[in-house]
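Here is the structure we will look at, set down as structure tokens.
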Amino acid sequence: MDARWQDGGKRPLHGLPHLGQHSSRERVHAAPLWVCRIVGNANGARTEWHQKEALVADEREQGSGRASRTVRGELYEEHLTLGVSFDRAEDTGLAYPASYAREQPLDLALEGAVISDLTGATYRLVSGAHPQELCEAAFCARKLRVGQCAFEPALTGDGAITSVALLARTGTHEYVLLDPTRRGSVVAGWLTFLSQVSSNGNAPYEGTSVEEASGMLVPLLIMGARANELLADYLPSAARALPARGAVESVTLDGHIPALLVGMPVDIAGGVPAYVLLVPKTAARVMWRSLLSFTWVEPVGRTAVLGTWSQLPWAQRLDSTDVVEIAEQDLRAWGLLRRGNDFVGARGILEG
């Protein structure tokens, strides 16, 4: 499922559908924006994410970890046309849609499908020399194979929980972390700290980077009773098998837009399908408009998304800005703790 991404050049977007005026969508007519080809060798394969931009690198106040001003994401202007109410991520400064003026109640909208821009959520790419070793030490649930994802807790040395983030292994030497909750920046900071640890000249994760990924691929949450129907419309008939829960696949939308599709590992939306679609920045606007050209697709903001996240069994325990400790038996019951002691915090959680 690993892919090499190459920028094919940016062109004007033509033939964009008008929002909400079609019972079935118009095809995405934008010229191919990125070129994707599958690569692999005896040493593994990887997904190279080009067009990285220092989107927020110069936005943080020195030493504070907080962004000094608001940063506009790729879909900022699209949200304005929908009567958005924005909020702002403290760590990156990214504006994100909290809600829309005419947003439908989520339970009603899920009878069709909803889409939500996850820009502004905590979003990291872990890659380089030792991402597998870092992630398997930092997270205590599953050891992921390429093409798998899971909700994964990261423990501190004494067994406290930083957060339970969505972690996807998208390549042999590559993981993606996504967390829309307010504890996302905590787990991201902890992961960055671990990546830089050294003792007596030994740095086990040297050459491994934890990068803020908002300048890479745009994350869109898609869920609802008709989510499968919606996504299948963009795939050739021979490739319409969508990833199962806990699976990650490379897909090509409308034959020319490479993307990653993540099947949410557990139910977050009352039993209906849910996915995260990661699309190139250059294709994000045309995909957003095309998805909304279905009359039964509705946009929802972060408030609604967090409402679904709050249904996860561990969510209430993590709804705090204080130190959070969860008993070993609870973590095991939720499938969030693997056997063994080969992860940070193992002694703390087992002795707690």
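The values are calculated or read from the model by the stated rules, or taken from the named source; none is laboratory data. Just so you know, these numbers come straight off a predicted model, no measurement behind them. Ideal geometry is used to build each Cβ from the backbone, glycine not excepted, and the neighbour counts take in all protein chains shown.
Could you list, in sequence order, all residues of the stretch 218-264 that are of a type in the set (S, T, N, Q) and either within 25 Å of T172 (Cβ to Cβ) or under 13 Å from the mean Cα position of the chain (by Cα) (or both)?
Correct list: S250, T252.
Output the residue which, of all residues in the stretch 99-114 that are in contact (Cβ under 8 Å) with a residue 12 or more places away in the chain and part of a loop (DSSP other than H, G, I, E, B), is nearest to D87 (Cα to Cα).
Among residues in the stretch 99-114 that are in contact (Cβ under 8 Å) with a residue 12 or more places away in the chain and part of a loop (DSSP other than H, G, I, E, B), the one nearest to D87 (Cα to Cα) is A101.
Looking at the stretch 292-318, I want the residues that are over 16 Å from E152 (Cα atoms) and have a partner that is at pLDDT below 95 and assigned to a strand (DSSP E or B) with Cβ atoms under 6 Å, at least 6 apart or on another chain. Which pairs are those?
S293/H22
Every residue, every condition in (1) β-branched (V, I, T); (2) within 20 Å of the chain's Cα centre (by Cα), yes or no:
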| residue | (1), (2) |
| --- | --- |
| T303 | yes, yes |
| A315 | no, yes |
| I326 | yes, no |
| R332 | no, no |
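For the stretch 100-150, which residues satisfy the criterion of being touching a Gly at 6+ places or on another chain (Cβ under 7 Å) and basic (K, R)?
The one that is touching a Gly at 6+ places or on another chain (Cβ under 7 Å) and basic (K, R): R102.
Applying the selection to the stretch 196-229, what residues are surrounded by fewer than 21 Cβ atoms within 10 Å (Cβ to Cβ) and hydrophobic (A, V, I, L, M, F, W, C)?
V197, A203, A225
Kindly evaluate V218 against the criterion of being under 24 Å from A259 (Cα atoms) and part of a loop (DSSP other than H, G, I, E, B).
no
Here is a list of conditions, (1) over 18 Å from the mean Cα position of the chain (by Cα); (2) within 19 Å of Q104 (Cβ to Cβ), and W288 meets all of them except one; can you say which number that is?
(1)
Do you know which residues across the stretch 319-343 are touching a residue at least 24 places away in the same chain (Cβ under 8 Å) and of a type in the set (K, R)?
If the condition is that a residue be touching a residue at least 24 places away in the same chain (Cβ under 8 Å) and of a type in the set (K, R), then R338 is the only one that fits.
So if I check each of T208, T162, which one is under 19 Å from T321 (Cα atoms), touching a helix residue (DSSP H, G or I) at 6+ places or on another chain (Cβ under 7 Å) and polar (S, T, N, Q)?
Numbers: T208 fails: under 19 Å from T321 (Cα atoms).
Just a single option satisfies the conditions, and that option is T162.
Take residues that are at pLDDT 95 or above and more than 30 Å from D87 (Cβ to Cβ) and tell me which of the strands (runs of 3 or more DSSP E) falling wholly in the stretch 124-206 contain 1 or more.
Result: 161-171.
With respect to E206, is the statement that it is in contact with a Ser or Thr (Cβ under 6 Å, 6 or more places away or on another chain) and among the acidic types (D, E) true?
The answer is no for E206.
Quick check, is R169 farther than 25 Å from E90 by Cβ, in contact (Cβ under 8 Å) with a residue 12 or more places away in the chain and buried (at least 23 other Cβ atoms within 10 Å of the Cβ)?
yes
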